[in-house]
Amino acid sequence: MSLLRPLYGVTRTEIRLQWRRRTLLLYAGLVLVTLVAGTYLLFGQDTPVLPGSSPIPIQRLERISNTTRVSLGVFPILMVITLFTLPILAAESVPVDSATGMRPVLDSLPVSTGMVLLGKVLALFILLLLELCALAALHGATGWILYGPFDVGEYLRVWLFGILPLTLFSGGMAVLLASGQKERRRAILVALVFGLYQAMALPLKGTAGQVWDTLAISRPSFLFELYSGQARRLQAGLIEEVCSPPNTGTNSTDPGLEAWCSQLELSNLDIWNALLTHPPMPIRTTLIACSVQGVLVWLLAWAWRNGREGRE
Amino acid sequence: MRIDLRVDLRHIGWAALAAGAAVAGFGLAVYRWDLVLVSLDALQPLRLAETAAPVAAVIQSAFLFSPEDEPALEVFLACPRSPGKILIQRLALAAPLHGILAVAVGLAGLAVVGASGAGPAGQSPLSAMDIAILLTGWMAPAILFAGLAQWVTQASRQAVNGVALGLVLWLGLALAGDALTTRFPFLWPVSPFLHPPCMGCPEAASLAALAQYGVNRVCVALLGVSLFALGARRLQDSQAVLGIGNPRRLETARFETGEKETGRKPTGIPSEPRSL
């Protein structure tokens, strides 16, 4: 109880401060515009080409078409925005205390450095969680109205296993990495470097590619794999039930089915090419790497702040 | 004045330029050693100045005068030199540095393409017009994104919002700008990353194509200047800079509570004071 009370206090205060700063609201607005407007601009205006004859009922095909459109369409772009922008917006959480003169007040309280850091990260997680719930509901509702029914389970899986871990990891790491900075400007620059590093999901060639792939375990962009794993699963489970050779074999002369299958190919998007060329990293490895990185950065931030307190 | 300049130069710093140089260095390395499997038009050496300059401009512009990040904000507001003038002075100091960076990146791109043996796509070397476009084409997107970052910073009083929004739009338009103008062709006048007329083509670019590119650059730059002006205009209002709130609402409150009137009657307020 004595541990939880200060944590609760720091978290509650930080939630209020974050709310007043409005930076996370800006992030939510950006994500919403990207999702709704981006999906509509890139895919929404095209009427899906449905095959004339198919072993699968036409309603099922429509549902699959809508699911891929709503769940996978612009999410890769959203991932880049999340990995690149969120760190910049979240990074000033700790340095803002120094900028506004709150640091001496915090230091005089009977709350440890670790508790303050934990409270700030927790507050960010809570706010991001709420935002993601609202965004998933809003985007889902908009997609349902604009395009029609889709598989809600698949849609939620993409959010739960794809976007949620990426968002929380990206935001939390940014807070910790920038916590050693006194100025907001420096914190933003640290976050910018971190964001660029994260958003670098480009597959490289040759030796550089080998080095980059080895580094993949040290950079969070491999969390893309969690998401692209969901995409592959969706593609394999939903699309290939119609477009796989046994089905297309019976309808190989049907140009409608072929057109329908080709429009669902994820690799039609350039950004997907980058993701699909790499074999997915096992989820267990991903989670272990995430945990190790989180603990290391936590220790680094804690040691940095403690060391600075000692010097001051 | 000398002290002002020194303070402003220190305020400008090197970080924004370093960020732009890092993007340019990455693009040159990708081209030189053929690192990336996918083709990214924004990282082609001849377009690199256009891609890298906005990054530096966004970061620089957002931090030129950010009310929340100025420790001596009240002192600035009390001085005869207005915040708007401070902004313009810092801008005038930073702009040449960014110009040097962008031209250096453009020349480096030319050198890398020249070192590979020919013009783009193995075609003929670039003409004087191509080189002129290469060395000046970056200005319009840099002004646009810098203006946007400045305006968002002033509107929200926080540089972080300006940086985030500016960089997101930069990234989004650099990746998907072509798709946007393909789908909505009427957007060509305000597309910051519009393709320049055929560079290194055997025949010279047509006058119409050059004119279209010129109109686009002018429109994009004007948009950026307008956003700058909007941001600077907000700095004229001390209360808004201090984040006190909507000055009109404050005036209304004073009027309603019977405080001293400022001379201008707020609109939408009854002329008679409320009866208690």
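If B:Leu64 passes every condition in (1) of a type outside the set (Val, Ile, Thr); (2) in a helix (DSSP H, G or I); (3) within 13 Å of chain A (Cβ to nearest Cβ); (4) over 25 Å from B:Leu126 (Cα atoms) but one, which one does it miss?
(2)
Kindly indicate whether any position in the range B:182-203 is part of a helix (DSSP H, G or I), within 14 Å of chain A (Cβ to nearest Cβ), surrounded by fewer than 20 Cβ atoms within 10 Å (Cβ to Cβ) and among the hydroxyl-bearing types (Ser, Thr, Tyr).
Yes, some residue in the range B:182-203 is part of a helix (DSSP H, G or I), within 14 Å of chain A (Cβ to nearest Cβ), surrounded by fewer than 20 Cβ atoms within 10 Å (Cβ to Cβ) and among the hydroxyl-bearing types (Ser, Thr, Tyr).
Write out, first by first residue and then by second, each pair whose Cβ atoms fall under 6 Å of each other, whose residues are 6+ apart or on separate chains, and whose first residue, in the range B:26-49, is more than 22 Å from B:Gly137 (Cα to Cα) and within 12 Å of chain A (Cβ to nearest Cβ) while the second is modelled with pLDDT of 75 or more and surrounded by 19 or more Cβ atoms within 10 Å (Cβ to Cβ).
B:Val36/B:Val30
Please enumerate the residues belonging to the range B:210-241 that are assigned to a helix (DSSP H, G or I) and at pLDDT below 80.
B:Ser238, B:Gln239, B:Ala240, B:Val241
Quickly run through the range A:149-165 and pick out the residues that are modelled with pLDDT of 85 or more and buried (at least 19 other Cβ atoms within 10 Å of the Cβ).
Result: no residue meets the conditions.
Among the numbered criteria (1) at pLDDT below 80; (2) within 23 Å of B:Glu70 (Cα to Cα), which one does A:Ala90 miss?
Only one criterion is unmet by A:Ala90, namely (1).
Does any residue of the range B:112-119 turn out to be away from chain A (no Cβ under 14 Å), out of contact with any His (no Cβ under 6 Å at 6 or more places or on another chain) and among the β-branched types (Val, Ile, Thr)?
For the range B:112-119, residues away from chain A (no Cβ under 14 Å), out of contact with any His (no Cβ under 6 Å at 6 or more places or on another chain) and among the β-branched types (Val, Ile, Thr): present.
Considering only residues that are surrounded by fewer than 24 Cβ atoms within 10 Å (Cβ to Cβ) and assigned to a helix (DSSP H, G or I), look in the range B:153-168 and name the one that is nearest to the other protein chains (Cβ to nearest Cβ).
Per the criteria, the residue is B:Val168.
Looking for whichever is modelled with pLDDT of 80 or more and over 21 Å from A:Leu26 (Cβ atoms) here; the options are A:Gly172, A:Gly101, A:Gly140. Which one fits?
A:Gly140
Quick one: is B:Leu144 in a helix (DSSP H, G or I), out of contact with any Gly (no Cβ under 8 Å at 6 or more places or on another chain) and either away from chain A (no Cβ under 11 Å) or more than 27 Å from B:Leu64 (Cα to Cα) (or both)? Explain how you work it out, then say what you get.
Numbers: in a helix (DSSP H, G or I): yes; out of contact with any Gly (no Cβ under 8 Å at 6 or more places or on another chain): no; either away from chain A (no Cβ under 11 Å) or more than 27 Å from B:Leu64 (Cα to Cα) (or both): yes.
When the stated conditions are applied, B:Leu144 does not pass them.
Somewhere in the range A:166-184, is a residue within 14 Å of another protein chain (Cβ to nearest Cβ), closer than 26 Å to B:Thr153 by Cα and surrounded by fewer than 18 Cβ atoms within 10 Å (Cβ to Cβ)?
Yes, the range A:166-184 has at least one match.
For the subset of the range B:135-156 comprising residues that are within 20 Å of A:Ala187 (Cα to Cα) and touching a Lys or Arg at 6+ places or on another chain (Cβ under 9 Å), which member is modelled with the lowest pLDDT?
Among residues in the range B:135-156 that are within 20 Å of A:Ala187 (Cα to Cα) and touching a Lys or Arg at 6+ places or on another chain (Cβ under 9 Å), the one modelled with the lowest pLDDT is B:Ser156.
Go through the range A:19-48 and report how many residues are hydroxyl-bearing (Ser, Thr, Tyr), outside any helix (DSSP H, G or I) and either surrounded by 15 or more Cβ atoms within 10 Å (Cβ to Cβ) or modelled with pLDDT of 80 or more (or both).
Of the residues in the range A:19-48, 0 are hydroxyl-bearing (Ser, Thr, Tyr), outside any helix (DSSP H, G or I) and either surrounded by 15 or more Cβ atoms within 10 Å (Cβ to Cβ) or modelled with pLDDT of 80 or more (or both).
Quick one: which helices (runs of 4 or more DSSP H) lie wholly within the range A:63-156 and hold at least 2 residues that are within 14 Å of chain B (Cβ to nearest Cβ)?
A:75-90, A:95-99
Is there any pair linking a residue in the range B:160-171 that is closer than 21 Å to A:Ala99 by Cβ to one that is charged (D, E, K, R) and in a helix (DSSP H, G or I), with Cβ under 8 Å and at least six apart or on different chains, and which?
Correct list of pairs: B:Val160/A:Glu92; B:Val160/A:Arg184.
Inspect all residues belonging to the range B:79-99 and state whether any of them is in a loop (DSSP other than H, G, I, E, B) and within 28 Å of B:Leu169 (Cα to Cα).
So far as the range B:79-99 goes, no, none of its residues is in a loop (DSSP other than H, G, I, E, B) and within 28 Å of B:Leu169 (Cα to Cα).
Condition check ((1) within 29 Å of A:Val295 (Cα to Cα); (2) within 22 Å of the chain's Cα centre (by Cα); (3) touching a residue at least 24 places away in the same chain (Cβ under 8 Å)) across all residues:
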site: A:Val111; (1), (2), (3): yes, no, yes
site: A:Met115; (1), (2), (3): yes, no, yes
site: A:Lys120; (1), (2), (3): yes, yes, yes
site: A:Phe125; (1), (2), (3): yes, yes, yes
site: A:Leu138; (1), (2), (3): no, yes, yes
site: A:Gly143; (1), (2), (3): no, yes, yes
site: A:Arg157; (1), (2), (3): yes, yes, yes
site: A:Gly162; (1), (2), (3): yes, yes, yes
site: A:Phe169; (1), (2), (3): yes, yes, yes
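The values are calculated or read from the model by the stated rules, or taken from the named source; none is laboratory data. Predicted model only: the values in this text are computed from it and were never measured. Positions of Cβ are generated from backbone atoms using ideal geometry, with glycine treated the same way; all protein chains shown enter the neighbour counts.
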